[in-house]
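Below: one structure, written as structure tokens.
Derivation of every value follows stated rules applied to the coordinates shown; laboratory data play no part. Just so it is clear, the structure is predicted and the values come from calculations on it, not from any experiment. Cβ placement follows ideal geometry from the backbone for every residue including glycine, while neighbour counts extend to all protein chains displayed.
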Amino acid sequence: MNFEELKKFYNGKRVLLTGHTGFKGSWLSKILIMCGAKLTGYALNPPTDTNIFDILGLEAEMNSVIGDIRDLEHLKKVFDEVEPEYVIHMAAQPIVRDSYERPVYTYETNVMGTVNIMECVRLSKSVKSFLNVTTDKVYENKEQDKGYVETDFLDGYDPYSNSKSCSELVTHSYKKSFLADLPVSTARAGNVIGGGDFAKDRIIPDCVRAAISGKPVIIRNPSSIRPFQHVLEPLFIYLDIVMRQAKDRERYEGYYNVGPDDSDCVNAKALVESFKRAWGEGFDFKIQSDGGPHEAGFLKLNCDKLKKIYGWKPVLNVHDAIDLSVEWYKAWSNGEDMDAVTQKQIIEYLNR
């Protein structure tokens, strides 16, 4: 990834990012700030009391708008005021288990939220490039060994996954019906890990909380295989997609899987064992099913399309991702300057 090219492109540009207060959104906000973008974020307040958005002090470095993606009138007002040139949509209800407890809210946020952002893009005269970030879980999961490709059937099982399948279809419809000349893409990313994630029911945050408290973490589904990748891997390709399709729509726009190499699609037990290696003393785990709702047992992506069109490939393996995550959380628990630590990890990633 050529960071100088990204900085040259995004410096001074008006960028609107939904979901900026979340885990991925905060990392992406930091990168865009480092690029010199005129960044506006639109999202709810951070989803947890302890959160990376506040830890990094991002509110002071950008135009942070607190709003609900379900509120079309408010979102449209922000579009009219900001006149964004580049839009990245990441606002979502992102937790599978939460989607079983709050299915209506999940669909309202992930489906109608996408309708609302697409409607604002449709009515805007300023937008030059749009990206909708969805998930690897959009596909009908047949628990197959081979990775899913972008033309496979979209039919997520649980309310979260299914709502993201619908988000894809909404984007496709708006593209074909209204936005034929505007660069529009979606990115279907695998499970991301990294410092600063404090969400419940995610494996690395659960491990960190267990390590700090001195209690073993519970692994519910030790054999479940996921395409784990460090958070920085998809974020830079998101920025690359937005940039390149703005320059050459016909060549670069499309629907893309973003995931690790096959060797880094590991099961939950192997991931936690790698975390134990990196964290050291004071951490352990135990396997215990909690009888929770259905979650996919095997999921893998085929990213050949992205590699061919963008010349992209993963930089970090899963153990590198764990090491960087542990480094970030230990620095945070030790009271270090987390803005400096975060920028250091971004620069080191780019220099690999």
Report the one residue of S124, I66, N162 whose Cα lies farthest in the direction of the positive end of the charge dipole of the chain (charges on C-beta: Lys and Arg +1, Asp and Glu -1; origin at the Cα centre). S124
How large is the helix-only mean residue ellipticity at 222 nm for the chain, computed as the sum of -39500 (n - 2.57) over DSSP H runs with n ≥ 4, divided by its residue count, in deg cm²/dmol to the nearest 500? -13500 deg cm²/dmol
Tell me, what is the FRET efficiency for N334 and E273 to the nearest 0.05, using R0 = 22 angstrom and their Cβ-Cβ distance as r? 0.35
So if I place +1 on the C-beta of Lys and Arg and -1 on the C-beta of Asp and Glu, and nothing else carries charge, what would the dipole magnitude of the chain be about its Cα centre? I want it in debye, nearest 20. 600 debye
In square nanometres and to one decimal, what's the mean projected area of the convex hull around the Cα atoms of region 1-45? 3.0 nm²
Reported to two decimal places, what Rg/Rh ratio describes region 1-111 when computed on Cα atoms with Rh from the Kirkwood expression? 0.99
Shape descriptors of region 61-115 over alpha-carbon atoms, Rg and Dmax in angstrom, are 12.9, 37
Angle, helix 113-123 long axis vs. longest principal axis of the chain, Cα atoms, 0 to 90°, nearest 10? 20 degrees
Compute a Gaussian network model of the chain, connecting alpha carbons closer than 10 Å, and tell me which residue from F178, F283, F275 fluctuates the most. F178
First check a/c for region 201-352, with a ≥ b ≥ c the square roots of the eigenvalues of its C-alpha gyration tensor; if it is under 1.5, answer rounded, and if not, answer prolate when a/b is larger than b/c or oblate otherwise. oblate
Going toward the positive end of the dipole of region 178-268, with +1 on Lys and Arg Cβ and -1 on Asp and Glu Cβ, which of I218, N257, A246 do you reach last? I218
How large is the Kirkwood hydrodynamic radius of region 109-164, in angstrom, based on all distinct alpha carbon pairs? 13.0 Å
Please report the Cα spread of the chain along all three principal axes, rounded to whole Å, starting with the longest. 56, 44, 38
Could you give the nm distance between label points at Q144 and H74, where each point is 7 Å from its Cα heading toward the beta carbon? 4.2 nm
Taking a 25 Å limit on the Cα-Cα distance, which of the listed pairs K7/K330; K125/K247; K30/K313 fall beyond it? K7/K330
Whether region 263-352 is rounded, prolate or oblate, judged on the alpha carbon gyration tensor where a/c under 1.5 counts as rounded: oblate
DSSP bridge orientation in region 186-320 - percent antiparallel, rounded to nearest 5: 25 percent
With Cα coordinates, the longest principal axis of the chain makes an angle with the long axis of helix 203-213, in degrees rounded to 10, of 50 degrees
Name the residue from L350, N267, G41 whose Cα lies farthest towards the positive end of the charge dipole of the chain, charges +1 on Cβ of Lys and Arg and -1 on Cβ of Asp and Glu. L350
